[in-house]
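K.L.:
Handing you a structure now.
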Amino acid sequence: MNADERRFEVLRAIVADYVSTQEPVGSKALVDRHNLGVSSATVRNDMAALEEDGFIVQPHTSAGRVPTDKGYRMFVDRLHEIKPLTSAERRAIQNFLEGAVDLDDVMRRSVRLLAQLTRQVAVVQYPTLTRSTVRHVEVVTITPARLMLVLITNTGRVDQRMVDLGDVITDDDVARLRTVLNSAMAEKRLAEASAAVADLPEQAPADLRSALVRVSSVLIESLVEHPEERMVLGGTPNLTANFTDFPHSLRQVMEALEEQVVVLKLLAAARDARTVTVRIGVENEAEEMQTTSVVSTGYGSDGMVLGGLGVVGPTRMDYPGTMAAVRAVAAYVGEILDGR
C-alpha cells in the first residue's frame, strides 16, 4: 500500500467513525478501532497530510478531526460499488410497495420507506406528466347531459373531470366519443395528446362537434402539469435529530423543503435511473442547502425517466447505505409503475 492509498484508508476510517459517533476523531481512536497496520505516529502524519490537503479539519483546539465536504467527496468517488441490500431488505421493499392501491399510495409508501431505511428526509417527485403517455380515456354517463372523463396515464395517474354538455347525448354517442378520444390520444405523450384533442372538434362529425368542443377543453386542462402535486416529503422529524448541532441550518433547510422548488430542481437533475447522484455541501447551488448532502436518482421504465427521488440529510451521513437504499427504492418504484 503506497502513501496515497494508506491516507485514503485513514480518511475512510475517519468518515466511518464520525458518521457513527458524531464526535471528532483522533489518531488514537483510529489505531484502536481500525486495523490500519501502521503506527500511531504514521496515522498522525497521514492525518496532518489530509488536513493540509483540505480533506479533514480540526473543529476545535486539541480536538480530533472531522471530514470536510472535499473529504466526503473523495470518499464517495472512491466507492467502487454501492453495497447491495440484503435479500430480506429487498423482499421487504418489494412487498411494501406492491401493496399500494394507486399512484398516490405508491408515492406515499415510497417516501415513508425511504425515510425509514435512511433515517433522513426523503423526497419523491410525482411522475412528470410531460414524460407520461395516455393509457386510456374513459367516458362515463352521469346524466344524459353530464359526463365524467377519466384520464389514465401509463404511470397510473388517474384524473377525473366532469363535463356539462348543455344538451343531452345518447349512449351510442357516448360510445362514439370514447372511441374518437382514445383513437386520438392513446399511447401519445401528454403534449402530443393535448394537440390531438385540440384538433378533434374540426374533424368530428357534425352531430358530435358540440360535445367534443366541451370535452376537449376539459381534457386539455387535465393534460397540463399540476405543480402542487409534484413532490411528497417523508421523515421530516429526522431533520431535528440530524441537525442538533446546527439549529440555524435546520431552519434554513426546513424553509427550503417547504418551498419545494429548490428540492425539485435537485431531483430534476436526476435524469438517469441507473446512476445515483450525490451532492455534498457546497456542491448544492442553493445556499440554504449547503450544510446538507442530497443523494438522488431517477426512476422509470423502458428507458424513460418519469421522476426523481432521494434523501436530504447532513453531510455526516452513511453514504454507502443511503445510496443503496435510494437505488433500490427507485428500481422498485419503476417496476411497479411499469406494471400498472
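The values are calculated or read from the model by the stated rules, or taken from the named source; none is laboratory data. No experiment lies behind these values; they were computed from the predicted model shown. Because the Cβ atoms are built from the backbone with ideal geometry, glycine has one as well, and the counts that use them run over all protein chains shown. Note: accessible area is taken over every heavy atom of the protein model, side chains too, but ligands, DNA and RNA are not part of it. Shrake-Rupley method; radii C 1.70, N 1.55, O 1.52, S 1.80 Å.
K.L.:
Return the equivalent ellipsoid semi-axes of the stretch 121-168 as a descending list in whole Å, where each equals the square root of 5 times an eigenvalue of the C-alpha gyration tensor.
P.N.:
Semi-axis lengths for the stretch 121-168 are 30, 11, 8 Å.
K.L.:
Tell me, in nm to one decimal, what length is gained between E283 and R112 on full extension, where the rule is 0.36 nm per residue of separation less the Cα-Cα distance?
P.N.:
Full-extension gain reported as 58.9 nm.
K.L.:
How much of T240 can a 1.4 Å solvent probe reach, expressed as accessible area in Å² and rounded to 10?
P.N.:
Around 90 Å² of this residue is reachable by solvent.
K.L.:
Give the angle, between 0 and 90 degrees and rounded to the nearest 10, that separates the Cα long axis of helix 87-98 from the longest principal axis of the Cα atoms of the chain.
P.N.:
Helix 87-98 sits roughly 30 degrees off the main axis of the chain.
K.L.:
Now for a separate question. For D338 and A92 in the same chain, what is the full-extension length gain: residue separation times 0.36 nm, less their Cα-Cα distance, in nm?
P.N.:
Once the chain is fully extended between D338 and A92, it gains 86.6 nm.
K.L.:
Another question, if that's okay. Leaving ligands, DNA and RNA out of it, work out the accessible area of R90 with a 1.4 Å probe and give it in Å² to the nearest 10.
P.N.:
100
K.L.:
Could you work out how far the C-alpha centroid of the stretch 288-340 sits from that of the stretch 8-85, in angstrom?
P.N.:
Comparing the Cα centres of the stretch 288-340 and the stretch 8-85, I get a distance of 27 Å.
K.L.:
Let me ask another. Nearest 10 degrees, 0 to 90: what angle lies between the long axis of helix 171-185 and the longest principal axis of the chain (Cα atoms)?
P.N.:
40
K.L.:
Moving on. Leaving out ligands and nucleic acids, note down the accessible area per residue over the chain with a 1.4 angstrom probe, in whole Å².
P.N.:
Per-residue value: 48 Å².
K.L.:
Could I ask something else about it? Nearest 0.05, what FRET efficiency do T133 and V213 give at R0 = 25 Å with Cβ-Cβ as r?
P.N.:
Step by step, r from the Cβ atoms, then E = 0.55.
K.L.:
Using 16 Å as the cut-off for backbone N distance, which residues of the stretch 12-33 belong to the label zone defined by a point 7 Å from the Cα of K83 along Cα→Cβ?
P.N.:
The answer is 12-21.
K.L.:
Specify the angular offset, from 0 to 90 degrees and rounded to the nearest 10, of the alpha carbon long axis of helix 3-21 from the longest principal axis of the alpha carbons in the chain.
P.N.:
The angle comes out near 70 degrees.
K.L.:
Roughly how many percent of the accessible protein surface of the chain is carbon and sulfur, given a 1.4 Å probe and a whole-percent answer?
P.N.:
Carbon and sulfur together cover 49 percent of it.
K.L.:
What is the Cα coordinate range of the chain on the first, second and third principal axes, sorted by size from largest, in whole angstrom?
P.N.:
Principal axes ranked by extent give 91, 39, 28 Å for the Cα atoms.
K.L.:
What figure, in Å² to the nearest 10, do you get for the accessible area of R78 with a 1.4 Å probe and non-protein molecules left out?
P.N.:
90
K.L.:
Assuming R0 = 51 Å, what is the FRET efficiency of A48 and E258, from their Cβ-Cβ distance, to the nearest 0.05?
P.N.:
0.75
K.L.:
Another one. Under the definition of Cα pairs under 8 Å and six or more residues apart, what whole-number percent is the relative contact order of the chain?
P.N.:
Computed over the chain, the figure is 19 percent.
K.L.:
Along the Cα→Cβ direction, 7 angstrom out, place labels at D302 and Q22. What is the inter-label distance in nm?
P.N.:
In this crude spin-label approximation the distance works out to 4.7 nm.
K.L.:
Mind giving me the nanometre distance, one decimal, between the label points for M162 and H248, set 7 Å out from Cα along Cα→Cβ?
P.N.:
The answer from the label model is 5.3 nm.
K.L.:
Any chance you could run the full-extension gain for A41 through T275? It's 0.36 nm times the residue separation minus the Cα-Cα distance, nm to one decimal.
P.N.:
80.3 nm
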